[in-house]
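This report concerns only the one structure given below.
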2 protein chains.
Amino acid sequence: MHKPLTILDIARLSGVGKSTVSRVLNQDPKVKDETRERVNAVIREHGFEPSKSARSMRTRSPRLIGIIVSRLDSASENRSVRGILETLYARGYDAMLMESEFSPDKTDEHLALLARRGVDGLILFAFTGLDLDKLADWRDRLVLIARPWPGLASVCHDDEGAIALMLQHLLAQGLRHIGFVGVHAEDVTTGGQRLAGYLRVCTEQGLEPHYALGELDYQSGYQLAARLLQPQTQALVCATDTIALGVAKYLQEVGRADVVVTGVGNNALLRFLFPKVMSVDLGYKRAGHLAAEQLLAQIESGAAPCQLQAPSQLVE
Amino acid sequence: MHKPLTILDIARLSGVGKSTVSRVLNQDPKVKDETRERVNAVIREHGFEPSKSARSMRTRSPRLIGIIVSRLDSASENRSVRGILETLYARGYDAMLMESEFSPDKTDEHLALLARRGVDGLILFAFTGLDLDKLADWRDRLVLIARPWPGLASVCHDDEGAIALMLQHLLAQGLRHIGFVGVHAEDVTTGGQRLAGYLRVCTEQGLEPHYALGELDYQSGYQLAARLLQPQTQALVCATDTIALGVAKYLQEVGRADVVVTGVGNNALLRFLFPKVMSVDLGYKRAGHLAAEQLLAQIESGAAPCQLQAPSQLVE
DNA sequence: CTGTTAGCGCTTTCAG
DNA sequence: CTGAAAGCGCTAACAG
């Protein structure tokens, strides 16, 4: 493993000046085809790779995007991340992936790190408790995922629509006694908006709402199911697949196989354990694509921040 | 937001030469305390951050470590990653985290990317099918996790010991008819080694082995449990928590609450769904710490590659 | 202990 | 179309 080649080596090897090599590297159109060919041949032959650090230093752009997810081991966020990376890589950007673990402090540290690295932009999975005001510096090179914020670009899921979709589906099957197991409304999207979807359809259809709110985990689903279940209950719509897991477990224990359970998230494990549970896919991967495209549009073409929404889809 | 300050600005502002500022930045001891104070004051006052790209280019070291996990949304790998990041951050390194999805091709692409970035080192979560020969170039700045390889540094889990530990625990409780639900032996660690642990203890204790091998998912556990279960079965030891999930589900369905189920991985969801299932923690986080320390020892002090093992621990 | 002087590898004027 | 030259911000000899 010898010392890595530089642009100057390639220049000498192909008998041109180093600026010409640079031009070839940067797809500058005003290089004669013949010259370009020759240089490219030498580059390929020697497996030359231009130094990212040198280029970053010169252009003040490392072609690097920061991504802060809330949890790496979240199946849904992972789907979005894969979407993001697909578009990013395709456009020649690399990514630095980090995990906030829902901690504003950790997020701040990561932001500092990304600032030191001088990343070109940031995609941030927002969460309740995040201090969005600290993001002012990032405004024009930031896309939020999962939560909108005035003046900032964002890609959101259709939380309200997802629950509404599910509810309408159940109503179409003739069910009327449908309860909702949700999350306290401090959690804006998973909590407030999904509940809102439930309440909206109830109102529209003249149903009496019947719901309970708790935490984001299966334990909570289990407990709330116990509190909510009535003899006439026909279905329990849950704010997440994780909650649905707890609910389904409770129903199984008390022998209420007649009650339909639905979740949100299209989680593979849930489907295996309780195959009859229906779910809504919030369009995570699509959201990742959208976020990355929006971010690149902003940093490359100065596009204005805007608020996008990825469509939900029923999964049976 | 004005143009970022440079080392030269700080030099002028504090009335010293730029090399002195550089020395202060690099904790060079031969700077007079008084001077150091003055420079540091200016740095803090102006919130100056030295440019990573410039430093990387000069030192040919971006203080950046690549981490390739097989799946980001794997709870166990996530534990290791957190361990890795803790030590890395503490030692002033940043990380580029990527996901192989068990694909050798994806891994190659990631390796190329990391090479272009000129990262200082690499921590790679090995998997069956990975072409370890391609890693020759990385030899002295690479630590493998989960699989050893001659000549390469690695941190492994005690797969064999984990199953043996569990089996001995069950035997101590007086159980004798203990089956094993595993993974085909092409998967060296999760497959071969965990089975070996089972067989070893069976031989030592004069038990007749009774086992079945399949895939890594819950479906497989479910199917194999059906095949393996006998009237006299007292316990089913599983190669992973995921498999244990499938096994526990089958046992529940056929009403065999008397059979003890155990897994490996200390998975929170499993514990909730089937609280009685016991598990072994393979020491993932610890493995992360070890891997990062070993890697830094190699790249900073030229330590030789060596093969380490993180200890397993019973979790009830 | 500290300032001066060269570059690191690349992009970008500015002249040809 | 192409080359020469001037840096980007920082570190590392080398003299003081």
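All of the numbers you see were taken from the coordinates with simple rules; none came from a lab. Because the structure is a prediction, the values reported are computed rather than measured. Cβ sites come from the backbone with ideal geometry, for glycine too, and all protein chains shown count toward neighbours.
Before moving on, here are some points about what is shown:
- Counting charges near residue B:182 (Lys, Arg +1; Asp, Glu -1) among other residues having Cβ under 15 Å from its Cβ returns a value of -4.
- Farthest positive-ward along the protein assembly as shown dipole, Cα basis, beta-carbon charges - from A:138, A:26, A:288: A:26
- Inter-chain Cβ neighbour count for A:269-281, averaged per residue, equals 2 (cutoff 10 Å, partner chain atoms only).
- Taking chain B and dividing mean pair separation by its residue count, relative contact order in percent (alpha carbons under 8 Å, at least six apart): 17
- Compared with the dominant Cα axis of chain B, that is its longest principal axis, helix B:241-253 is turned about 30°.
- Pairs of alpha carbons in the protein assembly as shown whose separation is greater than 40 Å (percent): 40
- Inter-copy label distances at residue B:234, using a point 7 Å along Cα-to-Cβ, come to 5.1 nm with the shortest given first.
- Rh by Kirkwood over Cα pairs, then Stokes-Einstein D for segment A:1-141 at 1.567 mPa s and 4 °C, µm²/s: 73
- Euclidean distance of C-alpha centroids, segment B:42-57 and segment A:35-105, integer Å: 23
- Only the Cβ atoms of Lys and Arg (+1) and of Asp and Glu (-1) were treated as charged; on that basis the dipole of the protein assembly as shown about its Cα centre amounts to roughly 2080 debye.
- The local environment of residue B:200, defined by Cβ-Cβ distances under 13 Å, has a net charge of -3 under the rule Lys, Arg +1 and Asp, Glu -1.
- Sparse-neighbour loop sites [GluC sites (Glu not before Pro); segment A:97-136; at most 16 other C-beta within 10 Å; DSSP]: A:101
- Shielding by partners - mean other protein chain Cβ count within 10 Å, residues of A:46-52: 3
- Label sites at residue B:89 and residue A:34, each approximated as a point 7 angstrom past Cα along Cα to Cβ, lie 5.8 nm apart.
- Here the translational diffusion coefficient of chain B follows from Stokes-Einstein with Rh set to the Kirkwood radius across Cα pairs; for 20 °C and 1.002 mPa s it amounts to 96 µm²/s.
- Using a Förster distance of 35 Å, the FRET efficiency for residue B:49-residue A:196 (Cβ separation, nearest 0.05): 0.25
- Stokes-Einstein diffusion coefficient of segment A:170-316, Kirkwood radius over Cα pairs, 25 °C, 0.890 mPa s, in µm²/s: 150
- Residue A:307 paired with residue A:272, simple spin-label distance in nm, labels 7 Å along Cα-to-beta-carbon: 3.9
- Helix-derived mean residue ellipticity, 222 nm - over the protein assembly as shown, DSSP H n ≥ 4, -39500 (n - 2.57), to 500: -14000 deg cm²/dmol
- Sites listed here are trypsin sites (Lys or Arg not before Pro) in segment B:214-316 whose DSSP assignment is loop and whose Cβ has at most 14 other Cβ atoms within 10 Å: B:276.
- Percentage, to the nearest whole number, of Cα pairs in segment A:143-208 over 13 Å apart: 65
- Each copy carries residue A:258; placing its label point 7 Å along the C-beta direction from Cα gives inter-copy distances of 3.4 nm, listed from smallest up.
- Note: relative contact order over segment A:129-287, using C-alpha pairs below 8 Å and six or more positions apart, is 20 percent.
- The value given for segment B:163-242 is a Kirkwood hydrodynamic radius of 12.5 Å, derived from the mean inverse Cα-Cα separation.
- Counting DSSP beta bridges with both ends in chain A, the antiparallel % (nearest 5): 10
- Where labels lie 7 Å past Cα in the beta-carbon direction, separation of residue B:112 and residue B:252 in nm: 4.6
- Shown for residue A:133: label points 7 Å from Cα along the beta-carbon vector, and their distances to the equivalent points in the other copies, 6.1 nm in ascending order.
- Tensor-based shape of segment A:7-57 (alpha-carbon gyration tensor, a/c under 1.5 rounded, otherwise prolate or oblate): oblate
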